[in-house]
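Presented below is the structure to which this report refers.
The values are calculated or read from the model by the stated rules, or taken from the named source; none is laboratory data. What you see is a predicted model; the values in this text were computed from it and never measured. Cβ placement follows ideal geometry from the backbone for every residue including glycine, while neighbour counts extend to all protein chains displayed.
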Amino acid sequence: MSLNQESFQEFREVIRQLGETVQPVEGLTDNERVRRAKQVFLTRVHSAMAMDLETCIHCGMCAEACHFYAQTKNPKYTPILKVEPLRQYYRRELGPHRWLFKLVSRDITAKMLEEWQELVYDSCTECGRCSMICPMGINVSAMISVVRQAVAEAGYMPAELRAVEKEQNEKGTTFGAGPNELKAALQKMREDGVDVSIDKDKADVMVLISGFGINITQDALLATVKIMNHLGVNWTIRTDAYECAHFGMLSGREQTLRNSTQRVINAAISCGAKTVVTGECGYGYTALRWEGARRYGKPLPFTVMSISEFLGQQLQAGRLRVRKVPQQKSVTFHDPCKVGRIGGVFEEPRALLNALGVELREMADPVQTNWCCGGGGGVFLNNRAAPLRQAAFESKRSAVVETGAESVVVSCDSCRMTFEIGKANAHWEIPIESLVVLVGENLAD
Amino acid sequence: MSLLDFARGPGLHWAFIIFVFGICWRFVGTLLIARRIKLSTPRRTDNWLMGLKAIETRSWPVEEFHRVIRFQHYSGYIWHISFFIVLFFFQPHILFFKSILGISWPGLPNDVILVVGAIAVATLVALLGRRLSHPVLRKISNVDDYISWLVTTLPLITGFMAFAHVGGRYETLLALHILSVELLMVWFPFGKLIHAVLVVPSRFQIGASFGRRGVRA
Amino acid sequence: MSKLDGIKVRVEDPTTPHWVTENTRPLLHEIHHALQRLLEAGEVKTIDLASLPMGPADEARLLEILGVGEVEACIDAMGKSVIRETRFPGVWFIEHFNTDDQPMGRLIDITFIPTLLLSQTEDMRQGLAQLSLYLQTDDAA
Amino acid sequence: MPSKTLGESLFERGVSRRGFLKYCTALASIMALPPTAASAIAAALEKAKKPSVIWLEFQACTGCTESLTRSHAPTLEDLIFDSISLDSHDTLQAAAGHGAEQAREQAMKDNWGNYLLLVDGSVPLGNPGFSTIGGVSNLEMLQETAKGAAAVIAIGTCAAYGGLPKASPNPTGAVAVSDVIKDKPVINIPGCPPVPVVITGVLAHYLTFGTIPELDLHGRPLAFYGQSIHDRCYRRPFYEKGRFAESFDDEGAKEGWCLYKLGCKGPITYNACATVKWNDGVSFPIESGHPCLGCSEPDFWDKGSFYQALAQGQWGSAAGLGTAAAVGIAAGAGAALLARRKQHQAREEQP
């Protein structure tokens, strides 16, 4: 099985018109925009970030880590430059020498924030690779996400992201994939003879799926259901909190993120889940696993695992039994940035691939230095950024080509779609496979 | 009071005071900004170790990065090492440190210092050339970068002049050399040179925070 | 308390220190160059040893290297002056003393013959006058 | 009034042309002029007239006079009798008491506007009674005598810069001659004492050319003070190689290595010691194994220990640093706490 090509093409069309569905932000004065941006900076800077802002030596090495720079050689895509509004604000208003800097520097302006929109939204996937190269140990990407939030609050978020973010905030759905659509998709599975347990009152494992799974990556949804049944655990999908994606996070809207996180936490607590498994969705994992507790205000009363992590552990525990894939083949594994570099899941997906008996060919930049697919951070929805994204995708494509692997295994719907789009644009013939699908298709009887 | 007397006396005294004061101010002022409380369950609990490890690992970029930053990496090393050799192993400098710290150590022959000093200056010039010509560096550079370059280069240049007695009377050159070092010390806490101090906590932090997520940073 | 004879005393020859400075070499080069110029262009040169940094025994070593040549002249005018050609013809070593026999100056002349050795016209005129006077008085007698 | 030129008086005394030339060569040497200048000196000297010289001694130790009398070439006698008329010198002249004062007044009267005034010792301004001659304060006598002088030569560091009397805390309020005399050229010949040949050399220059020599920024004749001790030191090659004596009796000291680490002030001291040397050209301090004290430089007494190396700072105590660190920490903590409060308020206000 592969992703639903018909829905995928429809989806591409939806993306193309996404921006037109929202009205541009108007009526904000420049002062108000700056004030809002500053409010974000003020509330989000913390000691470690301050240290990073103080330590930069402008060596420019981070440019080399960034796929947008690496492919275009345009200096404005240098990661640390994307932090400039924050740095300027910090030095003038929060840093220890702020009284001195105020004498010799200028304040940020609405114009600057507008200008930075392209830098933080179109040419940054928040992949965190720049944070890995910095000789000073500066977490550059963490700061770019703060600038994103500031630019968003100032009213300069790209229209496509605003549309999705708005939908998730107001309706709790993404791309129109609501509870009814989910129920319909699951009903279809039942009709095909697959047992699905939804909305259980009590469950040990609560599974989140990416909204894409309802329409486009249905193969992954089906595989997930099959695998969970195979494991024989008490699991459920909740129609009141099934959405894994957090457009609030990648768009930089704190309120939206807080709401979507809270919805998941409430559902998990109400069904007494011990483990919440996030589907193949990068942001979904990070938002809950590493950021969820902060939004919740205290440690989460359950464990959060990405599906690759969960399955890898089930494999080691002997509950997941897979057979070797029928045809011996070579694959390369693409670590989704938010699950790998930012999330810390590396071993489990590899253990799964090993159990499946495929030949894993690692890319030249493996695990935490892995090149991003170029679509993260909502860039894959951003029409204006399409040419840039395609350029950045080239870093990934050549890394894959270099391995000589017959197919690419990914474990993130967003990556998967970026690969599909990039592959089509580049006229590149290579199967893009979902890890979950691969496991689901090769369960031992 | 002659220029040299000023440089060696009150100039040095105040430069040290500003140096120490500025560093403490900036360091403590950065460190004491509210910390972020981490409520998520760590994947690993040996954050301290990961932090310490990052201090070392960030000195040696992994192979995949090393390929693209080879020049910056080696020029950085050459510059820092040659600078520290000149700073700490030129015999008159050792006398200077002895007068402050009370301890001394063996120095290097002047010929060696001259060569190493020349390498340091050459590297600085090359790095400035790169900063002025490389699109990325030109784009991200600000006044701080150029001032910091200047105040770092001046002591080397004036040091050479004082050593070779070129360009003026020795006491004037020596005074200029000491004054240029004082300028460096006064600028140090306020510009990017502070990285010499902050690099340690900064690297530690990234190692620790990625470390708790199970990522070797 | 230790006694005075407990202190070891070693007498070293102050004129021949066992360490070497390098101040004579540049000077020898200068002399070498000057001698070349003298031969090629007839340029004369005088080097005042008092204007050069000289360590202990440097001068002695220099003189040892320069050696003694064929000519040695002595002038007695306002004190003694000794003019010697060194073993390098054209290189002269000149020492001036005052009336108290204290050294007044030490020079190296690179020339065909030091000017001071030439009879001076004023002196010759005075000599001529004296000779004339002598002849007149002698004739008269 | 000396009416004869120097050439005339010399030739009258039976000095041959050859002798005169030799004398001029020696003069060139002590004036630190190239030997080729001898003929120019001869031409000038032939026409020069003996100047009258008055020597005043204020807050001084007489070391400068002692030094002058040890000038080896030409001998002082030559200088006094052949070149200058030392009409008044409290230490050297036979006259004493009122007779001495009369000699000075007579010389001033006879040579008004033409005599050279030589001064050694500093002038106390704190109280006129601190140093007087015949009841006249140094200040008054200097001002009075300088009025008719063609030029003033300050001999020794005390006269040139105030010297030892001026050293902190300067109990007598001592000042240099140049602090008092502003309307006459003042030539400084510093040194504690000055190199004797330098004194005679400067006088010879004035005598020969009738002008004051070219001076450096401290009013010193460039011919003698144009280069540092270090520049002309025979131990300089050891400095270049970084070979230093670490103590007065170590191997380095015995090997005659550079004395920089033992506090030698040669690099910042301008004087002729390293070439002209002392005691008939026998030696100079560094050659004798002792670092240069820098005695021909202003305020050399107050520049820290003689044995403190030049590379060392003179920055007093480290106590200031402790305070600086404490204030810095307080400033940093204050800045951070204010930032925290600002952040806290902002977070509170958030919906």
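Tabulated data
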quantity: Residues of segment A:404-445 classified as of a type in the set (K, R) and surrounded by fewer than 23 Cβ atoms within 10 Å (Cβ to Cβ), total; calculated: 1
quantity: Top-ranked residue of segment B:180-196 - restricted to ones that are more than 9 Å from every other protein chain (Cβ to nearest Cβ) and of a type in the set (A, V, I, L, M, F, W, C), ranked as surrounded by the fewest Cβ atoms within 10 Å (Cβ to Cβ); calculated: B:A196
quantity: Tally of residues being of a type in the set (A, V, I, L, M) and either more than 22 Å from A:Q149 (Cβ to Cβ) or assigned by TED's automatic domain parsing to the domain that holds A:R253 (or both) across segment A:1-27; calculated: 4
quantity: All positions within segment A:281-319 that are within 17 Å of A:S260 (Cα to Cα), in contact with a Leu (Cβ under 7 Å, 6 or more places away or on another chain) and either crowded, with 22+ Cβ neighbours inside 10 Å or of a type in the set (F, W, Y) (or both); calculated: A:Y283, A:G284, A:A287, A:G292, A:V304
quantity: Single residue of segment B:1-36 satisfying the filter (of a type in the set (A, V, I, L, M, F, W, C) and touching a His at 6+ places or on another chain (Cβ under 9 Å)) that is farthest from D:K166 (Cα to Cα); calculated: B:A34
quantity: Single residue of segment A:340-349 satisfying the filter (free of Cβ contacts under 8 Å to residues at least 60 places away in the same chain and within 17 Å of A:G282 (Cβ to Cβ)) that is surrounded by the most Cβ atoms within 10 Å (Cβ to Cβ); calculated: A:G340
quantity: When residues of segment D:1-32 are limited to those that are under 28 Å from the mean Cα position of the chain (by Cα) and modelled with pLDDT of 80 or more, the one farthest from the other protein chains (Cβ to nearest Cβ); calculated: D:C24
quantity: Restricting segment A:45-59 to residues that are under 25 Å from the mean Cα position of the chain (by Cα) and outside any helix (DSSP H, G or I), the residue that is farthest from the other protein chains (Cβ to nearest Cβ); calculated: A:V45
quantity: The listed residue being within 11 Å of chain D (Cβ to nearest Cβ), under 14 Å from the mean Cα position of the chain (by Cα) and either part of a loop (DSSP other than H, G, I, E, B) or under 22 Å from D:R17 (Cβ atoms) (or both), out of C:I113, C:I83; calculated: C:I83
quantity: Test: residue in segment B:78-86 that is within 14 Å of chain D (Cβ to nearest Cβ) and hydrophobic (A, V, I, L, M, F, W, C); calculated: yes
quantity: Residues of segment D:33-74 satisfying the condition of being more than 14 Å from chain C (Cβ to nearest Cβ), among the small types (G, A, S) and within 24 Å of C:S51 (Cα to Cα); calculated: D:A44, D:S67
quantity: Selection within segment D:255-303 - facing chain B (nearest Cβ under 10 Å) and under 19 Å from the mean Cα position of the chain (by Cα); calculated: D:K265, D:G266, D:P267, D:I268, D:T269, D:Y270, D:G294, D:E297, D:P298, D:D299, D:D302, D:K303
quantity: Flag for B:T41 being over 23 Å from the mean Cα position of the chain (by Cα), away from chain A (no Cβ under 11 Å) and not in a helix (DSSP H, G or I); calculated: no
quantity: Hey, A:Y90 in contact (Cβ under 8 Å) with a residue 12 or more places away in the chain, within 12 Å of another protein chain (Cβ to nearest Cβ) and aromatic (F, W, Y) or not; calculated: yes
quantity: Where a residue in segment A:303-321 is of a type in the set (S, T, Y) and its partner, wherever it lies, is part of a strand (DSSP E or B) and surrounded by 20 or more Cβ atoms within 10 Å (Cβ to Cβ), with Cβ under 8 Å and at least six apart; calculated: A:T303/A:V276; A:S306/A:V277; A:S306/A:T278
quantity: Number of the exception - B:F16 against (1) more than 11 Å from chain A (Cβ to nearest Cβ); (2) closer than 30 Å to A:R341 by Cα; calculated: (2)
quantity: Matching residues, segment B:98-149, being within 14 Å of chain D (Cβ to nearest Cβ) and either of a type in the set (D, E) or crowded, with 16+ Cβ neighbours inside 10 Å (or both); calculated: B:K98, B:S99, B:G107, B:L108, B:N110, B:D111, B:I113, B:L114, B:V116, B:G117
quantity: Verdict on D:A311 being facing another protein chain (nearest Cβ under 8 Å) and touching a strand residue (DSSP E or B) at 6+ places or on another chain (Cβ under 9 Å); calculated: no
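Conditions (1) part of a loop (DSSP other than H, G, I, E, B); (2) among the small types (G, A, S), marked per residue:
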{"position": "B:G107", "(1), (2)": "yes, yes"}
{"position": "B:V151", "(1), (2)": "no, no"}
{"position": "B:M161", "(1), (2)": "no, no"}
{"position": "B:A175", "(1), (2)": "no, yes"}
{"position": "B:L184", "(1), (2)": "no, no"}
{"position": "B:P189", "(1), (2)": "yes, no"}
{"position": "B:R203", "(1), (2)": "no, no"}
